[in-house]
Each structure stands twice: as structure tokens, then as C-alpha cells.
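Student: Provided herewith is a single structure, encoded as C-alpha cells, for subsequent inquiry.
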Amino acid sequence: MTLSADTRLLLGIAIGQAIGWGTLFAVFPLFGAPMEAELGWSRTEINAGLTLAILVSGLAAVPVGQHVDRHGGRRMLAWGGFLGAALLALWSVAESRALYWTLWAGMGLAQAAALWGPAMAVVVTAARDPNRTITGITFITGFTGTVFVPLGAALIAALGWRQALLALAALQLLPGLLALWLLPQPPPRLPGAARASASLRDAVRRPAFLGLAACFAAHAFIGVGLGAHAIPLLRERGLPEASVLLIVALHGPFQVAARFALFALGRRVTMRGVGRLATALTPVGMLVLALAPPHLAWLVFYALCWAVADGLMTIIRAAGTAEILGREGYGAITGALSVATVLPRTAAPVLIALIWESTGSYGPVPWLLVGLGCLAVAAFAAAARARQGRAR
């Protein structure tokens with residue numbers, strides 16, 4: 001059976017992104033405890049590797065995006081995937097902190113080249129219906145944590161952490177191979193491609209870009225902060241452990257359900273409308289988290305609001321950016337938007353921990369997240385209005 005061009009594109013990107021996010025990001029927390037036990041490093045020293053990767057990835061996002069705008073993303077995704085595999089293998093033999101931190105700086109380059117930004121640039125350029133293709137991709141990638149967290153834990157239990165990394169390194173070769181096999185060759189370079197830097201300079205001055213940057217930065221803080229602290233925050237409410245784990249586990253299925261609904265709606269909705277819904281649900285969910293009594297039903301409602309918002313915002317960051325800011329210079333522009341999220345992503349876990357230490361509880365945290373959610377609502381609305389005004 002011959003696959004259509006859009007199906008090849010969807011499968012190549014979706015499978016590659018699921019594996020890439022799974023091996024280069026999602027499994028990282030699983031390796032902390034065995035590394036502490038064997039190497040005697042502190043948890044801070046181990047987690048500094050991921051923080052370094054986030055910083056390097058953010059700094060590399062714009063040049064990577066500019067390269068994709070000029071030359072296409074097929075080879076970038078392939079070589080990023082292969083670099084990630086090599087670095088996972090190198091991690092498996094790490095004995096010194098210097099080597100460990102150096103390879104994680106390289107991992108930041110691999111993440112910038114192999115993960116979301118270049119992949120979405122390929123989709124926006126090559127797909128006949130980018131919005132629907134991106135939604136289909138996120139439907140598949142929504143299962144990344146569900147698959148790779150238990151897989152990583154099973155590999156560590158069966159093989160030890162070093163051999164588990166070698167197994168993951170072998171798996172990480174697949175995204176590079178899929179990129180070369182399934183993704184289309186980039187179109188011939190157009191004369192306008194030379195204006196990628198000028199397009200970026202023009203874009204960052206636009207109110208729509210500034211609105212999206214503020215929205216995505218606020219959302220990144222909420223997402224990373226909750227990712228690091230949701231379990232202890234819910235435990236502090238006095239919920240049974242089974243309820244805490246259920247609320248956290250519901251995030252993935254609710255995300256996937258929201259993406260499936262969006263896929264079914266197809267062209268009947270705009271990304272601007274979806275973005276308004278997603279940003280509105282965020283402060284609603286955080287307000288429920290702040291005010292709800294410690295009853296499972298209320299906190300499941302919080303999980304629903306936040307997961308739907310988070311699941312849709314993944315699509316908005318890709319398809320909504322193209323709809324609001326256009327496709328010219330898309331790689332560099334989305335890279336610049338990624339830079340705006342670097343500080344919130346790195347600061348959120350530390351700042352929330354400091355709030356907990358200074359107050360003795362997580363009590364103020366949901367209110368901080370409510371405020372950031374409201375900022376995201378206002379910022380996205382401003383970006384959408386600026387786009388509509390420009391369209392007229």
C-alpha cells in the first residue's frame with residue numbers, strides 16, 4: 001500500500017517526535033536515583049544537566065530555525081536524532097560531572113535540532129492542511145509519557161541505568177532514519193529565503209509576536225512548574241495517594257481527547273478561536289486548584305481544564321503561530337518564541353520551591369498560576385486582534 005504524502009509526513013514526524021521526546025526528555029527523572037546511588041552526585045548536580053540542556057536549546061532555537069527556513073528541516077531532524085542517540089550512549093559511560101554536563105550541553109543542541117520547532121517547520125511548509133496534520137501529530141505524541149516512562153523504568157530495572165541508556169540510544173536512531181526515509185525533500189530555495197533574518201526582525205516588532213511570546217512564556221511557567229510540583233501540591237491537600245496519582249495520570253488522556261475533538265472539527269474552527277478557548281481554560285483550572293475543597297471530583301475538574309488547555313496549546317504554538325504571524329520565516333520566528341520560554345521553564349521549579357520554603361506550604365502557588373493564566377488570556381487575545389486587524 002502506497003502512503004499519501006501527508007500520511008508519510010504525519011507518521012514520520014509523529015513517530016520521530018514521540019521517540020525523541022521520550023528518550024531525550026521524558027525519561028530523565030528516572031535516572032536520578034540510580035545515578036545518585038552509584039556516583040554519589042547530588043540531585044541538584046544531576047538536574048543541572050537538564051537545566052543546561054534547556055538553556056542551550058533555547059539559545060540554539062533561532063539559528064536552527066533560520067537554517068530550516070533556508071534549507072528545509074529534513075536533514076536537521078535526521079542529524080539531531082543521530083546526535084541525540086550518540087549523546088545517550090555517551091551518558092551511559094559518564095563517570096565525571098564535567099563529562100556529564102558537557103554531554104547535556106550537547107543534548108540541548110540535539111533537542112533544538114530534533115524536536116518540536118524544526119518538525120513543525122517541515123509540516124507548515126510541506127503539508128496540504130498543516131492545522132489538521134499538526135493536530136494528528138499531537139494526538140500520537142500525547143502518548144509519549146504513557147509509553148516511555150514505564151518503558152524507561154522497566155529497562156532500568158532489567159538492565160541497570162547504564163545499559164538502559166544504550167537501549168534508548170539504539171531506539172533514538174529511529175527518528176533520524178524516519179526523517180530521511182519519510183520526510184519530503186525541501187522545495188527549491190526561493191529568492192525570498194535570503195530574507196529570513198529580515199523577516200525575523202520585522203516579526204519581533206509586531207504586537208502579535210509580543211502577545212504570543214508573553215502567552216507562551218506564561219504557559220511554559222505553569223506547565224513546567226506543575227510538572228515539577230503537582231504531586232507534592234496535591235498531597236499537601238490531604239488527598240489519598242491513589243487520588244493524587246489518578247489526578248496526575250488523567251492529564252494525558254484528557255489532552256488526547258481534546259486533540260481528537262479538534263482533529264474531528266477540522267477546518268470548522270480557527271486556531272485563533274482554539275487559542276482563546278485554551279487560554280481561558282487555564283485560569284479557570286488554576287482557580288479551581290486554588291479554591292476547591294480536597295474532594296476528588298473537584299480536582300478531576302481542575303485536571304480536565306488544565307489538560308485540555310495544555311493539550312490545545314501545544315497545537316497553538318505550532319499552527320496558531322503560522323495562522324497569526326504567517327509562514328514566511330516560520331522556523332526563525334518559532335525559534336524566537338521558544339527563546340521567550342527559556343527563562344520561565346528554567347525558573348518555574350525553583351521559584352515554586354522557594355515559595356514553598358518561605359511560606360511552609362503551596363498555598364500561594366495556585367494564585368500565582370491564576371495570575372499567569374490571566375496574563376496568557378490577555379496576551380493571546382491581543383495577538384489574535386493584531387492578526388485580524390492586519391488581515392483586514
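Student: One residue is enough: does region 116-128 have a residue meeting the conditions of a type in the set (Lys, Arg) and in a helix (DSSP H, G or I)?
Tutor: No.
Student: Within region 82-93, is even one residue of a type in the set (Ser, Thr, Tyr), surrounded by fewer than 16 Cβ atoms within 10 Å (Cβ to Cβ) and assigned to a loop (DSSP other than H, G, I, E, B)?
Tutor: no
Student: Might you check whether a residue that is closer than 16 Å to residue 103 by Cα, in the same structural domain as residue 148 (by TED's automatic domain parsing) and among the polar types (S, T, N, Q) occurs anywhere in region 26-44?
Tutor: Scanning region 26-44 turns up no residue that is closer than 16 Å to residue 103 by Cα, in the same structural domain as residue 148 (by TED's automatic domain parsing) and among the polar types (S, T, N, Q).
Student: Based on this model, can you work out whether residue 138 counts as hydroxyl-bearing (Ser, Thr, Tyr) and out of contact with any Lys or Arg (no Cβ under 7 Å at 6 or more places or on another chain)?
Tutor: Against the criterion (hydroxyl-bearing (Ser, Thr, Tyr) and out of contact with any Lys or Arg (no Cβ under 7 Å at 6 or more places or on another chain)), residue 138 does not qualify.
Student: Another question about this same structure. Just wondering, is there one or more residues in region 232-254 that are in contact with a Ser or Thr (Cβ under 7 Å, 6 or more places away or on another chain) and at pLDDT below 90?
Tutor: Yes, region 232-254 contains at least one residue that is in contact with a Ser or Thr (Cβ under 7 Å, 6 or more places away or on another chain) and at pLDDT below 90.
Student: Could you please tell me which pairs satisfy a Cβ distance under 6 Å, a separation of 6+ or placement on different chains, a first residue in region 223-250 that is among the aliphatic types (A, V, I, L, M), and a second residue that is at pLDDT 85 or above and assigned to a loop (DSSP other than H, G, I, E, B)?
Tutor: Between residues of region 223-250 that are among the aliphatic types (A, V, I, L, M) and residues that are at pLDDT 85 or above and assigned to a loop (DSSP other than H, G, I, E, B), the close pairs are 233/362; 239/294.
Student: While we're on this one: Hey, among the residues in region 250-272 that are surrounded by 15 or more Cβ atoms within 10 Å (Cβ to Cβ) and of a type in the set (Gly, Ala, Ser), which one's nearest to residue 145 (Cα to Cα)?
Tutor: Result: 252.
Student: If a residue has to be in a helix (DSSP H, G or I), at pLDDT below 85 and either in contact with a Leu (Cβ under 9 Å, 6 or more places away or on another chain) or among the aromatic types (Phe, Trp, Tyr) (or both) to count, how many in region 140-150 make the cut?
Tutor: Final tally of qualifying residues: 1.
Student: Please determine, by comparing only the residues of region 67-107 that are among the basic types (Lys, Arg) and over 21 Å from residue 173 (Cα atoms), which one is modelled with the highest pLDDT.
Tutor: 97
Student: Still on this structure, I have one more. Of these, 334, 346, which one is in a helix (DSSP H, G or I), at pLDDT below 90 and over 28 Å from residue 267 (Cβ atoms)?
Tutor: 346
Student: I would also like to ask the following. Would you be able to tell me the number of residues in region 348-363 that are touching a residue at least 12 places away in the same chain (Cβ under 8 Å) and out of contact with any helix residue (DSSP H, G or I) (no Cβ under 7 Å at 6 or more places or on another chain)?
Tutor: Result for region 348-363: 3.
Student: Turning to a different aspect of this structure: Out of region 94-112, which residues are touching a Gly at 6+ places or on another chain (Cβ under 7 Å) and either aromatic (Phe, Trp, Tyr) or part of a loop (DSSP other than H, G, I, E, B) (or both)?
Tutor: Residues satisfying the conditions are 100, 101, 104.
The values are calculated or read from the model by the stated rules, or taken from the named source; none is laboratory data. Since the model is a prediction, treat every value here as computed from it, not as a measurement. No Cβ is skipped: glycine too gets one built from the backbone with ideal geometry, and neighbour counts run over all protein chains shown.
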